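Reading through the structure tokens given below for one structure.
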Amino acid sequence: MNKLKLGCLSVLLLLQYACIKKAPVNPEADIISFSIPARYLTSDVFIDQINSRILLNLTPAAFDSGVVPIITVSEGAHLTPPSGDSLHFSTKNQNTYVVTSASGVNQKTYVVTVVNIGVWQWDFEIWRENAKDKYQYPIEANEDSSEIWSSGNPGIALSGVPANPLEYPLRATTDAYHGKYAAEMVTRKGTALSELVGIKLFAGSLFLGVFDPTNALFQPLKATQFGQPYIGKPARFMGYYKYTPGDNYQDKSGTIIPGIKDSCSLYAVLFKGTTRLDGTNIQTSDRIVAIATLPDGGPQANYKRFDVPFIEVRPYEATDQLMLAIVASSSKDGDSYKGAIGSRLVLDSMQVTHQ
Amino acid sequence: MSVTQLLAQEEHSFQPHLEHRILAGFNFGAATPIGFPNTIRKINAYWPEFSPSLGYELTYQACEEWGVSLGVKMDYKGMGTKDQVQYFHTIITTEDGGRFEGDFSGHNKTIAKNAYITLPFSAVFTPNTRWRFNLGGYVAWLFSSNFHGTVSDGYIRNGGPLGEKVTISEATFDFGTNVRSFDIGVQGGAAYRVGKRISIDGNLNWGLRPIFPGDFRGLDFPLYNVFLTLGVTYKI
């Protein structure tokens, strides 16, 4: 009798095994890689998967002659125009690639963006909003609307915050020193989901560079990719800021540590090479050649001007391939999830001057 | 007196009466979709969690062959499973107003262990002194719920198939508080008498109400409690 019942049970389970259906056809439509010989580039190609853009930092010669990228896409997907077609740049035409998934249902259009940094001066006047997750990001005032600044916002979007710009730690504020807007960073508490993985606090951040979501959950420090191509030698890093630390400094576990005041951090780092540094090595890499750091991260109720020189830490030439990162955070230890909820840093009218 | 006469006499002496039984056993089964969606690619492991079932059943034996019964049971319905999924759609909402939606591809481990107070009711058919069959339904109230697990070795796409890909080395989920507090289903089985008072009993309990409410979107298909109780009954 027991055997019979066990038999019935196995049949039931076997039926369930047998019911595994045919695999779904691949619905994904990504450009996975986009390769151009390094000699044409002033920094590594970045595929911005969040906004479906290919960001290219090209040498002037490559911009004039065009390039022939080798492109790979999701398994079974179809790419138009195909990999190996040459790509020419002009100010009139936008280059796009359309990827159609193997399933035929999904299509993703990637826009090729040649990043033009132009003037190293920022007023944070023009902001855009991510369509799905509703976080804000500043874009350049140039005709290309280049996006050269990034933040932790896209990562925080993955932790299930309500879709409202004010829920994200980096956003625009009308509390500006000059013009209409400034960049505001406010350290916020973790979300129900982030607390599951031990993140109880998100510091506000703003940096020159890109956000790579691929590793955002298990190696968050590698998601923040710092630096944009830079030509020449920088002299000074200057701008205006104000800072109000939050009331209670907490450690990673969320425990309030009495007697510690939160402070902000703001620095510029010049380094050699065409590959970006990230949160794990931006302060320690031996590729770093010059640093300019705001000396005092303490409270500053009203807008205060800062003007700090680049200090050379390793010899370099103006002709070297260089990248420059500017990194700002409303909590100096925010990279290890320590700080005070409510700490607020506002930046406006920043610039880097050249030697 | 011949055998026939004896049986006839017993028949005549039948009086409708109440019978009392203690039921004890274990539940084997799963909180399972009925027909797997194609996003489930492989079941790598399945195990029943420790799922005891203990209760009491009252039967009104109306005539020799037929009766009706009503029981009350404490039922643990548990299972563990390891599987592989592809493009598995999930929406997670949190108490702080947060929401995350995405498609996960990778490995999943789920442990479900829900405890119910169950009231089974049946029509009982007793064709002879060895066998006893029952068929009916049940209603059940949840008093403790667990539905949690991990996702690992894969990636999630923010929003859906075209969202950015985010690697997941390991992340946990816990939908325990979402499990519905009321379940209703059909049940039926057979008991075989092996001693004076003891029978071996097998009873299939098939839930007809998804264990998660309709507005829960952590899984995009309904799960039902389908469990087989194997145990003994003791007639008091």
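Summary table below
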quantity: Amide H partners (placed H, <5 Å) of A:F89, local residues excluded; calculated: A:G66
quantity: Sum of -39500 (n - 2.57) over DSSP H runs of 4+, divided by residues of chain A (222 nm, nearest 500); calculated: -2500 deg cm²/dmol
quantity: Interchain or long-range residues, amide H under 5 Å from B:V124's placed H; calculated: B:G67, B:V68, B:S69
quantity: Whole-Hz ³J(HN,Hα) from phi, Karplus 6.51 cos²θ - 1.76 cosθ + 1.60, for the stretch A:157-166, glycine and proline x; calculated: 4, 6, 9, x, 8, x, 6, 8, x, 6
quantity: Within the stretch B:119-181, trypsin sites (Lys or Arg not before Pro) in DSSP loop having at most 11 other beta-carbon neighbours inside 10 Å; calculated: B:R130
quantity: Low-density loop cleavage sites - chymotrypsin sites (Phe, Trp or Tyr not before Pro) in the stretch B:189-236, where at most 10 other Cβ are within 10 Å (DSSP); calculated: none
quantity: Table column - 3J(HN,Hα) (Hz), the stretch B:164-172, Karplus curve with 6.51, -1.76, 1.60, x for Gly and Pro; calculated: 5, 8, 10, 5, 10, 7, 6, 9, 9
quantity: Ellipticity estimate at 222 nm from DSSP helix runs (n ≥ 4, -39,500 (n - 2.57)) divided over chain B, nearest 500; calculated: -1000 deg cm²/dmol
quantity: For A:207-217, mean number of other protein chain Cβ atoms within 10 Å; calculated: 3
quantity: Length-normalised contact order for the stretch A:54-96 - Cα pairs under 8 Å, 6+ apart - percent; calculated: 40
quantity: Under Karplus coefficients 6.51, -1.76 and 1.60, residue-wise ³J(HN,Hα) of the stretch A:210-220 in Hz, glycine/proline x; calculated: 9, 10, 9, x, 3, 9, 4, 8, 9, 9, x
quantity: Residues of type aspartates and glutamates that B:K109 reaches as a straight line, Cα spacing below 13 Å, ignoring anything fewer than 8 places off in the same chain; calculated: B:D83, B:D153, B:E170, B:D174
quantity: Prolate/oblate/rounded label for chain A (Cα gyration tensor, a/c 1.5); calculated: oblate
quantity: Reference-scaled alpha-carbon Rg (2.2 N^0.38 Å with N residues) for chain B; calculated: 1.30
quantity: Estimated FRET transfer efficiency when R0 is 25 angstrom, pair A:D175-A:I126 (beta carbons, to 0.05); calculated: 0.90
quantity: Cross-link table A:K252/A:K272; B:K77/B:K165; B:K73/B:K196; A:K200/B:K77, entries beyond 29 Å C-alpha to C-alpha; calculated: A:K252/A:K272; B:K77/B:K165; A:K200/B:K77
quantity: Built amide H within the under 5 Å cut-off of A:V313, gap 5+; calculated: A:A290, A:I291
quantity: Stretch gain in nm, segment B:I34-B:V72, where the contour uses 0.36 nm per residue and the Cα spacing is subtracted; calculated: 11.0 nm
quantity: Ranked A:R287, A:R344, criterion: other C-beta atoms within 10 Å, fewest first; calculated: A:R287, A:R344
quantity: Cβ-Cβ FRET estimate between A:Q355 and A:A23, R0 fixed at 56 Å, reported to 0.05; calculated: 0.40
quantity: Sites A:T319 and A:L196 - FRET efficiency at Förster radius 51 Å, r taken between beta-carbons, to 0.05; calculated: 0.55
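Just so you know, all these numbers are worked out from the coordinates, no wet-lab data involved. Keep in mind the model is a prediction, meaning the values are calculated, not measured. Positions of Cβ are generated from backbone atoms using ideal geometry, with glycine treated the same way; all protein chains shown enter the neighbour counts.
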